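**Student:** Before I ask anything, let me first share the structure, which is written out below as structure tokens.
The values are calculated or read from the model by the stated rules, or taken from the named source; none is laboratory data. No experiment lies behind these values; they were computed from the predicted model shown. Counting neighbours? That spans all protein chains shown, and the Cβs are built from the backbone with ideal geometry, glycine included.
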């Protein structure tokens, strides 16, 4: 019973995270302009979830977050979902294949995710035949959004990690890497080895 | 075990992409009264009270951020605004004279000169959500059909026309801004000729407008045609291509420096909107039915 409850905690937290991210984005952040553009939290949150939870969870989270945005903003359904599936999936694959541990990985991920979301949206709209501007100004705005998003990437990632990390199952790869970097399989074994060395020295 | 996980991951990915493509295709080809649009309206209705609450709660955060952003921009705009004040002062003097003359003429022909915004039953609404993208220039406001708002009602902010209502639910509405590619307005330049044309967003710059289909002025009387800083207002008649209908004389923007080639060859001038379309928080929706529209003819 408690196992089932533990398993349900992650989806519940992700659902709440998606809802709050979309609401805060549309109600507050999109109404504040910096250098003429608004920051966009949602690709950052999807990227962070992908990085922390893996490709499958990242893709599903991206799909539903994108769908919610399209529904709330009365946009063409499926466009944002399609883009966010890719962001969540590739962030997750990056974690599964490379398991990057550098602290600045979310920064690079945020820049790539924002650029992909901006350019992807432009491309899909262009393919759908929407008569909207495709210009240097659009590229300039996408670039500024990428910069602004990159600036806020680290706090957003830290917040998402704080929400998600406590309910994540322990990852064997991370356990192995921790063992490698700390010089032993576990802190307990390290202690035992040290004791063994001490006893040999005293025996001599 | 590993193969099974890989297979499951790929299947889920394919399913999600397929669902997105099906939704996109279905939505794109459907009419506004189709089931997917109805679902979307339902979600807007459910979310609008939450967004209203979130918008109110987050107002202080927004205000602080806006204040910082505005302060950064203020210095660069001082010179520009001083020039604008000089120009507008001159225009105001002309307008006062014209207003006096108009009142006298109106009295002569027994015209009703009280057509102001109040005559159009304005409903004041708060912006509760805003689209951050360049592609959909829309905002969501906290008033809907329960407050008398209808589809295609004109929407004004403190300085002029900002858009029209493009989706209505009971408690909220979506407003398409005048810089959205779906909106066009018949507009008039307040020059000596009173040139009228169709105002559309400028291709390549979503914050700029183009007044097109203008009658090129007589080369001998260029000064009577559109000039820089001339006010552009709604013309007040129906555009043939779209169903939008705006009352006359609502300010929309001012004419940018006139490119004579563009004016004489294409009948176009660039227009900068009067309202700051990224920063308004309160709007007025003109809910009174306009004479000549289908809604006005319903008993």
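**Student:** Name the one entry in A:153, A:122, A:158, A:113 that is closer than 20 Å to residue A:39 by Cα, free of Cβ contacts under 8 Å to residues at least 40 places away in the same chain and away from chain B (no Cβ under 11 Å). Talk me through it step by step, then tell me what you get.
**Tutor:** Working: A:153 fails: free of Cβ contacts under 8 Å to residues at least 40 places away in the same chain; A:122 fails: away from chain B (no Cβ under 11 Å); A:113 fails: free of Cβ contacts under 8 Å to residues at least 40 places away in the same chain.
Selected residue: A:158, the only one of A:153, A:122, A:158, A:113 that is closer than 20 Å to residue A:39 by Cα, free of Cβ contacts under 8 Å to residues at least 40 places away in the same chain and away from chain B (no Cβ under 11 Å).
**Student:** Would you pick out the residues in the stretch A:17-35 that are more than 8 Å from every other protein chain (Cβ to nearest Cβ) and in contact (Cβ under 8 Å) with a residue 12 or more places away in the chain? Step through it out loud before you land on a result.
**Tutor:** Residues of the stretch A:17-35 that are more than 8 Å from every other protein chain (Cβ to nearest Cβ), as a first pass: A:17-22, A:35.
If the condition is that a residue be more than 8 Å from every other protein chain (Cβ to nearest Cβ) and in contact (Cβ under 8 Å) with a residue 12 or more places away in the chain, then A:17, A:18, A:19, A:21, A:22, A:35 are the ones that fit.
**Student:** Quick check on residue A:49: is it in contact with a helix residue (DSSP H, G or I) (Cβ under 8 Å, 6 or more places away or on another chain), part of a helix (DSSP H, G or I) and facing another protein chain (nearest Cβ under 10 Å)?
**Tutor:** Working: in contact with a helix residue (DSSP H, G or I) (Cβ under 8 Å, 6 or more places away or on another chain): yes; part of a helix (DSSP H, G or I): yes; facing another protein chain (nearest Cβ under 10 Å): no.
When the stated conditions are applied, residue A:49 does not pass them.
**Student:** Still on this structure: Within the stretch B:101-121, does at least one residue satisfy the condition of being in contact with a helix residue (DSSP H, G or I) (Cβ under 6 Å, 6 or more places away or on another chain), more than 30 Å from residue B:205 (Cα to Cα) and modelled with pLDDT of 85 or more?
**Tutor:** Checking the stretch B:101-121: not a single residue is in contact with a helix residue (DSSP H, G or I) (Cβ under 6 Å, 6 or more places away or on another chain), more than 30 Å from residue B:205 (Cα to Cα) and modelled with pLDDT of 85 or more.
**Student:** Same structure, new question: Here are some conditions: (1) surrounded by 12 or more Cβ atoms within 10 Å (Cβ to Cβ); (2) more than 9 Å from chain A (Cβ to nearest Cβ); (3) more than 23 Å from residue B:282 (Cα to Cα). Residue B:46 meets all but one. Which one does it not meet?
**Tutor:** For residue B:46, the failing item is (3).
**Student:** Could you check how many residues of the stretch B:24-41 are outside any loop (DSSP other than H, G, I, E, B) and facing chain A (nearest Cβ under 10 Å)? If you could, list the steps in order and put the result at the bottom.
**Tutor:** Step one: filter the stretch B:24-41 for residues outside any loop (DSSP other than H, G, I, E, B), giving B:24-29, B:35-41.
With the extra rule that they be facing chain A (nearest Cβ under 10 Å), the set shrinks to B:24-28, B:36-37, B:39-41.
Of the residues in that region, 10 qualify.
**Student:** Tally time: how many residues in the stretch B:65-80 are surrounded by 10 or more Cβ atoms within 10 Å (Cβ to Cβ) and away from chain A (no Cβ under 13 Å)?
**Tutor:** 1
**Student:** Just to be sure before I move on: is residue A:107 assigned to a helix (DSSP H, G or I), over 23 Å from residue B:5 (Cβ atoms) and modelled with pLDDT under 90 in the structure I sent? Outline the logic, then answer.
**Tutor:** Working: assigned to a helix (DSSP H, G or I): yes; over 23 Å from residue B:5 (Cβ atoms): yes; modelled with pLDDT under 90: no.
So residue A:107 fails the test.
**Student:** Hey, another quick one. Out of the residues in the stretch A:63-76 meeting the condition of being within 9 Å of chain B (Cβ to nearest Cβ) and either part of a helix (DSSP H, G or I) or modelled with pLDDT of 90 or more (or both), tell me which one is nearest to residue A:52 (Cα to Cα). Steps first, answer last, please.
**Tutor:** Going residue by residue through the stretch A:63-76, those that are within 9 Å of chain B (Cβ to nearest Cβ) are A:63, A:66-68, A:70-76.
Of the ones still in play, those that are also either part of a helix (DSSP H, G or I) or modelled with pLDDT of 90 or more (or both) are A:63, A:66-68, A:70-72.
Details: A:63: 17, A:66: 19, A:67: 21, A:68: 21, A:70: 25, A:71: 26, A:72: 26 Å.
The qualifying residue nearest to residue A:52 (Cα to Cα) is A:63.
Residue by residue, here is whether (1) under 17 Å from residue A:157 (Cα atoms); (2) at pLDDT below 90; (3) assigned by TED's automatic domain parsing to the domain that holds residue A:145 holds:
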| residue | (1), (2), (3) |
| --- | --- |
| A:14 | yes, no, yes |
| A:19 | yes, no, yes |
| A:50 | yes, no, yes |
| A:79 | no, no, yes |
| A:92 | yes, no, yes |
| A:98 | no, yes, yes |
| A:103 | yes, yes, yes |
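**Student:** If you check every pair at least six apart or on different chains, which have Cβ atoms under 7 Å apart with a residue in the stretch B:29-45 that is more than 22 Å from residue A:128 (Cα to Cα) first and a residue that is part of a helix (DSSP H, G or I) second?
**Tutor:** Partner pairs satisfying both residue conditions: B:43/A:71; B:43/A:72; B:44/A:72.
**Student:** Further question on the same structure: Being within 9 Å of another protein chain (Cβ to nearest Cβ) and either at pLDDT 90 or above or surrounded by 13 or more Cβ atoms within 10 Å (Cβ to Cβ) (or both) is the filter here, so list the residues in the stretch B:3-23 that pass it.
**Tutor:** Within the stretch B:3-23, the first condition is being within 9 Å of another protein chain (Cβ to nearest Cβ), and the residues that meet it are B:5, B:8-9, B:12-13, B:16-17, B:19-23.
B:9, B:12, B:13, B:16, B:17, B:19, B:20, B:21, B:22, B:23, listed by residue number.
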